[in-house]
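Visitor: Structure provided below as structure tokens; questions to follow.
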Amino acid sequence: MGFGIGLYSPTLPLKLNRQTLGLLKRIILTIILIIWLILSLPAYGYAQESNLHFEEITVDDGLSQSCVLAILQDSQGFMWFGTQDGLNKYDGYHFTVYKYDELEPNSLSDNFVISLYEDKSRTVWIGTENGGLNKFDRTTEQFTHYTHNPENPNSLSSNSVLSIYEDKLGTLWVGTNGGGLNQFKRETEQFTHYTHNPHDPHSLGSNTVLSIYEDKFGNLWVGTADGGLNQFDRAIQQFTRYRHKPDDPHSLSNDTVLSIYEDQSGRLWIGTNGGGLNKFDRAAEQFTHYTHDPANLNSLSDNTVSAIVEDKFGNLWLATSSWYGNSYGKGLDKFDPETGKFTYYIHAPDNPNSLSDNLVASLFIDNSEILWIGTGFSGINKLDLKNRHFTSYRHNIADPHSLIDNHISSIYEGRDGKLWIGTFNKGFDQFNLETGEFTHYRHEVNNPYSLSSDNIWSIYEDKDGVLWIGTFGGGLNKFDRQTGKFIHYQHDPNRPNSLSDDTVWSIYQDNEGTLWIGTFHGGLNQFDPKTEQFTHYTHDPDYPKTLSDNNVFLIYQDQSTTFWIAPESGPLNKFDSKSGQFTQYHHDPNNPNSLSYERVLSIYEYPAGTLWLGTYGGGLDKFDIATETFTHYTDKEGLPDNSVVGILSDDEGNLWLSTGKGLSKFNPQTQTFRNYDVSDGLQGNEFNGVKAYFKSKSGEMFFGGLNGFSTFYPQNVIDNPHLPPIAITDFKIFDKTIKLKPAISIIPQIKLSYKENFFGFEFAALDYTNPEKNQYAYKLDGFDKDWIYSGSRRYATYTNLDAGTYTFRVKGSNNDGVWNEAGTALKIIITPPPWKTWWAYTLYVLVLLAAIYGYVQLKTQAQAKENAMLRENEIKLNQLLETLNLSLREKEVLLKEIHHRVKNNLQIMSSLLDLQTQSLKDKEILAVFQQSANRIKSIAMVHEQLYGSTAVEQINFAEYVEQLVSYIFQSYGVSQNLIELKINIPAICLSLDLSVYCGLIVNEIISNAFKYAFPGSRSGLIDVYFECGSDRIFTLRIKDNGIGLPQDIDIENPSTLGLSLVNILTEQIEGELEVNTSQGTEFIIKFPAPKPKN
């Protein structure tokens, strides 16, 4: 379906059903299309511009239909388009289409959308052809319908809504077809009607209201069909009509008013159907007409003005086609009110960047200065009205004065300001920047004074103003601009001083006026203009100081007058013109400070002493002439491509680089790149040519490529300042779009179940300059630690998140990297599974507490039972212990009684022996009796100790030895004044048996010392020592300082009873006996401590 037709013409009946209307449209549309195709053929007699870049958006991109009658940008930043087949919402990437659905009562009431408006409350209103007025609810994405009801006088007066407007007081005005003007009261949802009354001159001029506008003074203006321009006085409820009067040249030019607009300067503009554009002087009540004049190239292109918008520069943009009255214009017009000049834009079949359709029905300028153009047959056109970065010139097949060919080889500005453009295939052009016209110079076969070849490789103007042209195969040309003749310099094999090769890559004139020529196979040529002879510098493989290769691609002379030569196959050569010697700089893979790539395409010195080299694959090199070191910059540092064709510098010290993938601005201070491509207005992404780059005296830069050349002033290349609104545009679960209420773009939070564990978002930065270059970053608070910068990717997916509360944040930038850091955010609540909910955990706690309580109760009962048993057992145990204690006490008493009786018996035996000794006369027998009595006494003392001790099995060994020795002293009648006694025994208790054995040993040894160690009342010392070592070995040492034992005594087999007893007793206690006679006599007995009883 194409452009709408004039179904609202007064000559056509209005009461037709939809089927009849549709049939009529299709029949008439075919006729109209044929007429339009004839009328819209390009007429190149009018002022038009061809270097603007219009971007087309069609049904192939998701638009529901090609005829766009209404355009709106809402407060969120979304674009809305009303078509003949549906309402479209656009985010720069994707269309959401709303259509009539007979099964859905809250769908759009009619697919034919004529008007759109958003009021101050951010409600979007839609006017349809036959479905009345629609109100769109963003929260539910549903439509409320307001239609005509013949039985309700307060309903909408007509179902065909042509215009919608909200005034400063918040009143909504609705213009209808056939129903006049409607005032809508939101509180009561009732309409008040203002209609035409032929008997009332202060009524509305016509019942067809095409446009409504309120000016800055609060005047409400109504444009009608055949009823002129109406001013409505809301206080007195009267209309003042401004009509066309044939006899008044200052009256309205036509009574059908399609559009009304007040510009920044307060001028009121009226667009009419057939009467052109009118400027209304409200004070004088006079109209100034701007109409189409075939004799004036700068006049309005068509007398239909259906839409008016204004850019920030004060230009008015005009749509020249209207569905009403079958008015089909000739394209898009731009009007400068200050100069009164119109420039128009039409579709050019050979220019894909031209307007796609000459039927322009609707216009809108968004917040980022994008002009949106609704066409009748080609959908939407988009035009960036901001200061365009670049202007590009291309060949136009329909314009003989356009660029001769798009493949540019060289660019050079002459001293007269004319630009010379060389092409690879069709000669060269002289470009007049003021007129925009190109003058062509071509090779003519029958003209020997024409250009020698159309294949141009280089252009150069010398200091005398002579233009030199290097060709491919045609040699060197000198152009005489006075006569228009070319002088040819070509290779002559018979003349050694002729040009060495007929393909001239490059031309350069040094400071001394010498012309240097770089050829394809003939090396470097030095040309003397006076003698017209050439001196050749070529490669000599036997001499390293010659030119490295005979294909001389580029010649450059730095500020120190040093020549730098770049052969086609490399490497870089430094040329000393005085000595004629060359120094070569090669790429060395083992030296990071060498040339990055052998082939050098461009050379530029900035500042003095630093050469910038563009290589064919190695990126950009900075060469320090003093240190002869290279620093490299490649795509890894941000360069768009590693083939750098051209280099220029601007006044701020930036380098502009033409590459195989666009243009780049390089800041040597920050070492950063800012890249531009064809979407920014360049001729294309690929630049090439021998010397297709130049900076003019005015600072304008020119770069040529495969599709023409681009020009710009660096200071005017300003980044897009628009801060893009950020919107979340889609929500998916398991990769399926979920419709939410409220809609995803405005909903504050989403609640998900634990099963919905794979979800994702789509989002958009709503800047439409170049959406593909918009950048994004997102972060899920509670999961992501840092922002995820996704580049131009505008979706995020998450899976297997734990239950909890998260916040999804997204921010974005426009095409020039201006970021909206605030972005937008959406709260996400993921509910846990039933077994992980708070009530589940509460239940778990209660069950646990109950289990603990039950366990405690069981343990308490068991403990009580156990305690009762313990108490019972304790009683029994106490009774048993009491019985045992009683038994032990009885045993102790019994033992003590036994010890007492044994001690008494031993005492009796000792006493009997003592009595016996009194009657004995034999000293030997007496001694035997006395020794026996002492032995018995030592045993008795043990029992005496046990009897007096609380213990019944052990005695204090130290006390026992002291008593024993004291008794022995007494029994032998030895005074301790004569024999000194030292006892060193710690407080230690020994068992009964061990005490008896040790006591007997002490008795035998000390008794033996009294008898033999100290003869003749000799004084002396006896030392008794006892200890228990860490190894549980007891040591008993008894030492005297007497005369010692006889030399012939055998300790192991003694002849005396006493020493024999000592040996026997030592064996009994498992000990070892050692006798030392070096100083007196020392007995050392070592024996193990008894093992403790279990």
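Visitor: Determine, yes or no, whether Thr208 is surrounded by 23 or more Cβ atoms within 10 Å (Cβ to Cβ), more than 49 Å from the chain's Cα centre (by Cα) and either modelled with pLDDT under 95 or within 30 Å of Ala283 (Cβ to Cβ) (or both).
Guide: Against the criterion (surrounded by 23 or more Cβ atoms within 10 Å (Cβ to Cβ), more than 49 Å from the chain's Cα centre (by Cα) and either modelled with pLDDT under 95 or within 30 Å of Ala283 (Cβ to Cβ) (or both)), Thr208 qualifies.
Visitor: Still on this structure: May I ask you to list the residues in the stretch 1043-1089 that are assigned to a loop (DSSP other than H, G, I, E, B), in contact with a helix residue (DSSP H, G or I) (Cβ under 6 Å, 6 or more places away or on another chain) and touching a residue at least 24 places away in the same chain (Cβ under 8 Å)?
Guide: Across the stretch 1043-1089, the qualifying residue is only Ile1069.
Visitor: While we're looking at this one, here's another question. Mind checking which pairs have a first residue in the stretch 750-771 that is part of a loop (DSSP other than H, G, I, E, B) and a second that is modelled with pLDDT under 95 and among the basic types (Lys, Arg), Cβ under 8 Å, 6 or more apart or different chains?
Guide: Tyr754/Lys836; Thr769/Lys386
Visitor: If I go through the stretch 67-77 residue by residue, how many of them are surrounded by fewer than 23 Cβ atoms within 10 Å (Cβ to Cβ) and not in a strand (DSSP E or B)?
Guide: 4
Visitor: Tell me, please, whether a residue that is under 21 Å from Val466 (Cα atoms), assigned to a loop (DSSP other than H, G, I, E, B) and without any contact (Cβ under 8 Å) to a residue 60 or more places away in the chain can be found in the stretch 394-405.
Guide: There is no residue in the stretch 394-405 that is under 21 Å from Val466 (Cα atoms), assigned to a loop (DSSP other than H, G, I, E, B) and without any contact (Cβ under 8 Å) to a residue 60 or more places away in the chain.
Visitor: Exactly one condition in (1) of a type outside the set (A, V, I, L, M); (2) at pLDDT 85 or above; (3) within 24 Å of Glu1072 (Cα to Cα); (4) outside any helix (DSSP H, G or I) is not met by Cys998; state its number.
Guide: Cys998 satisfies every listed condition except (4).
Visitor: Considering the stretch 143-170 alone, what residues qualify as being surrounded by fewer than 17 Cβ atoms within 10 Å (Cβ to Cβ) and either among the polar types (S, T, N, Q) or not in a loop (DSSP other than H, G, I, E, B) (or both)?
Guide: Thr144, Asn149, Asn152, Asn154
Visitor: Then there is this: Just to be sure before I move on: is Phe81 surrounded by 17 or more Cβ atoms within 10 Å (Cβ to Cβ) and either under 26 Å from Tyr344 (Cα atoms) or charged (D, E, K, R) (or both) in the structure I sent?
Guide: It is true that Phe81 is surrounded by 17 or more Cβ atoms within 10 Å (Cβ to Cβ) and either under 26 Å from Tyr344 (Cα atoms) or charged (D, E, K, R) (or both).
Visitor: Can you tell me how many residues in the stretch 674-685 are crowded, with 21+ Cβ neighbours inside 10 Å and not hydroxyl-bearing (Ser, Thr, Tyr)?
Guide: Final tally of qualifying residues: 3.
Visitor: Considering only the stretch 661-673, I want to know if a residue exists there that is crowded, with 16+ Cβ neighbours inside 10 Å and not in a strand (DSSP E or B).
Guide: yes
Visitor: Checking the conditions here, which among Asn675, Asn667 is in contact with a Pro (Cβ under 7 Å, 6 or more places away or on another chain) and without any contact (Cβ under 8 Å) to a residue 40 or more places away in the chain?
Guide: Just a single option satisfies the conditions, and that option is Asn675.
Visitor: Let me ask another. Can you name the residue in the stretch 609-638 that is under 16 Å from Leu554 (Cβ atoms) and of a type in the set (A, V, I, L, M, F, W, C) and is also nearest to the chain's Cα centre (by Cα) among such residues?
Guide: The residue in question is Leu620.
Visitor: Within the stretch 536-575, which residues are in contact with a Lys or Arg (Cβ under 9 Å, 6 or more places away or on another chain) and under 15 Å from Asn511 (Cβ atoms)?
Guide: Thr562, Phe563, Trp564
Residues checked against (1) buried (at least 23 other Cβ atoms within 10 Å of the Cβ); (2) in contact with a Phe, Trp or Tyr (Cβ under 9 Å, 6 or more places away or on another chain):
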| position | (1), (2) |
| --- | --- |
| Lys245 | no, no |
| Ser251 | no, yes |
| Gln264 | no, no |
| Leu268 | no, yes |
| Asn278 | yes, yes |
| Asp281 | no, yes |
| Glu285 | no, yes |
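Visitor: Here is a follow-up. Going through the stretch 607-631 one residue at a time, which ones are of a type in the set (Val, Ile, Thr), touching an Asp or Glu at 6+ places or on another chain (Cβ under 8 Å) and assigned to a strand (DSSP E or B)?
Guide: Passing the criteria: Thr610, Thr615, Thr631.
Visitor: Turning to a different aspect of this structure: Got a sec? Which of Asp336, Asp302 is crowded, with 19+ Cβ neighbours inside 10 Å, farther than 30 Å from Thr192 by Cβ and of a type outside the set (Gly, Ala, Ser)?
Guide: Asp302
Matching residues to (1) touching a residue at least 12 places away in the same chain (Cβ under 8 Å); (2) closer than 20 Å to Asn130 by Cα:
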| site | (1), (2) |
| --- | --- |
| Asn149 | no, yes |
| Asn154 | yes, yes |
| Ser157 | yes, yes |
| Val161 | yes, yes |
| Ile164 | yes, yes |
| Leu169 | no, no |
| Thr176 | yes, yes |
| Gln183 | yes, yes |
| Phe191 | yes, yes |
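Visitor: Is it the case that the stretch 185-192 has a residue that's in the same structural domain as Ile270 (by TED's automatic domain parsing), within 19 Å of Leu258 (Cα to Cα) and not hydroxyl-bearing (Ser, Thr, Tyr)?
Guide: No, the stretch 185-192 has no match at all.
Visitor: Please determine whether any residue of the stretch 292-305 is under 46 Å from the mean Cα position of the chain (by Cα) and in a strand (DSSP E or B).
Guide: no
Visitor: Also: Search the stretch 718-734 for residues that are on the phi > 0 side of the Ramachandran plot and pair each with any residue that is at pLDDT below 95 when their beta-carbon atoms are under 6 Å apart and the residues are at least 6 apart or on different chains.
Guide: Matching pairs, first to second residue: Phe734/Phe758.
Visitor: Can you tell me which residue within the stretch 997-1026, out of those that are among the charged types (D, E, K, R) and within 14 Å of Arg1037 (Cα to Cα), is surrounded by the most Cβ atoms within 10 Å (Cβ to Cβ)?
Guide: Once the filter is applied, the top-ranked residue is Glu1004.
Visitor: Next question, about the same structure. May I ask you to say which residue of Thr343, Thr435 is in a strand (DSSP E or B) and either among the hydroxyl-bearing types (Ser, Thr, Tyr) or farther than 30 Å from Ser664 by Cβ (or both)?
Guide: When all the criteria are applied, what remains is Thr343.
Visitor: List the strands (runs of 3 or more DSSP E) that sit entirely inside the stretch 174-231 and contain at least 1 residues that are of a type in the set (Asp, Glu) and either over 24 Å from Val113 (Cα atoms) or in contact with a strand residue (DSSP E or B) (Cβ under 7 Å, 6 or more places away or on another chain) (or both).
Guide: Here the list reads 209-214.
Visitor: Which of the residues belonging to the stretch 449-467 are in contact (Cβ under 8 Å) with a residue 24 or more places away in the chain and either surrounded by fewer than 12 Cβ atoms within 10 Å (Cβ to Cβ) or assigned to a strand (DSSP E or B) (or both)?
Guide: Of everything in the stretch 449-467, those that are in contact (Cβ under 8 Å) with a residue 24 or more places away in the chain and either surrounded by fewer than 12 Cβ atoms within 10 Å (Cβ to Cβ) or assigned to a strand (DSSP E or B) (or both) turn out to be Ile456, Trp457, Ser458, Ile459, Tyr460, Glu461, Lys463, Gly465, Leu467.
Visitor: Looking at the stretch 315-323, is at least one residue surrounded by fewer than 19 Cβ atoms within 10 Å (Cβ to Cβ), within 27 Å of Gly82 (Cβ to Cβ), in the same structural domain as Arg243 (by TED's automatic domain parsing) and in contact (Cβ under 8 Å) with a residue 24 or more places away in the chain?
Guide: Checked the stretch 315-323: no residue is surrounded by fewer than 19 Cβ atoms within 10 Å (Cβ to Cβ), within 27 Å of Gly82 (Cβ to Cβ), in the same structural domain as Arg243 (by TED's automatic domain parsing) and in contact (Cβ under 8 Å) with a residue 24 or more places away in the chain.
Visitor: Taking the residues in the stretch 120-141 that are outside any loop (DSSP other than H, G, I, E, B), at pLDDT 95 or above and of a type outside the set (Lys, Arg) as candidates, determine which candidate is farthest from Asn207 (Cα to Cα).
Guide: Phe136
Visitor: Going by the structure shown, is Gly414 under 23 Å from Val645 (Cβ atoms), surrounded by 18 or more Cβ atoms within 10 Å (Cβ to Cβ) and in contact with a strand residue (DSSP E or B) (Cβ under 7 Å, 6 or more places away or on another chain)?
Guide: Taking the combined requirement at face value, the residue does not satisfy it.
The values are calculated or read from the model by the stated rules, or taken from the named source; none is laboratory data. The shown structure was predicted, so the numbers you read here are calculated from the model rather than taken from an experiment. With ideal geometry, Cβ positions are generated from the backbone for all residues, glycine too; neighbour counts draw on all protein chains shown.
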